[in-house]
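The values are calculated or read from the model by the stated rules, or taken from the named source; none is laboratory data. The model shown is predicted, which means the values in this text are computed figures rather than measured ones. Counting neighbours? That spans all protein chains shown, and the Cβs are built from the backbone with ideal geometry, glycine included. To get the accessible areas, we keep the full protein, side chains included, count just its heavy atoms, and leave off ligands, DNA and RNA. Shrake-Rupley method; radii C 1.70, N 1.55, O 1.52, S 1.80 Å.
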Amino acid sequence: MDEDHRYDDEEEQGEALPPKVEELAQAPVPTALKGVRSCMRCGIIKTLDQFLEYGCENCPFLDMEGNHERCNLCTTAFFEGQVAVMDPGESWTAKWLRVDAYLPGVYAISITGQFASEIEEELENRGCRWRCRPVGSDPNTMP
């Protein structure tokens, strides 16, 4: 690429970024490799501090932002695999994981854990599905 025509120069001159690039720049990604957790409903992976600071962008009704106890009830460190989803609506992996309606981010492939009964009831009343499985359950079934 010609040094006189760098991408940084375009941005400094006030030209807008393409919408997809702008959206991806806002995608929540883990800020550390240790201590990451997965939202038990949608599977997005972030650090506990990120869940405390921002909550879950896909599940704001879980009210995790600023609530340490709620973060512990709605996230888990017991998950397997990670996949970065950049364009959920177009990604076959996102469709397979059933996260194609969510925001771009890093998602767990499978999640082990169980919501407290009152949270499960709240999700059922909202008509929400969740991805976590109790220990020992069949991983091929979805609630």
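Below, the figures for the structure above:
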| quantity | calculated |
| --- | --- |
| Hits in segment 66-98 - residues which are assigned to a helix (DSSP H, G or I) and open to solvent by less than 50 Å² (accessible area, probe 1.4 Å) | R70, C71, C74, T93, A94, L97 |
| Segment 99-115, subset part of a loop (DSSP other than H, G, I, E, B) and either without any contact (Cβ under 8 Å) to a residue 12 or more places away in the chain or of a type outside the set (S, T, Y) (or both), residue surrounded by the fewest Cβ atoms within 10 Å (Cβ to Cβ) | A101 |
| Residues of segment 47-64 satisfying the condition of being under 16 Å from L103 (Cβ atoms) and surrounded by 15 or more Cβ atoms within 10 Å (Cβ to Cβ) | Q50, F51, G55, C56, E57, N58, C59, L62, M64 |
| Sole exception among (1) out of contact with any helix residue (DSSP H, G or I) (no Cβ under 6 Å at 6 or more places or on another chain); (2) at pLDDT below 95; (3) open to solvent by 50 Å² or more (accessible area, probe 1.4 Å) for P30, by number | (3) |
| Boolean, L123 is touching a residue at least 24 places away in the same chain (Cβ under 8 Å), assigned to a helix (DSSP H, G or I), open to solvent by 50 Å² or more (accessible area, probe 1.4 Å) and of a type outside the set (V, I, T) | no |
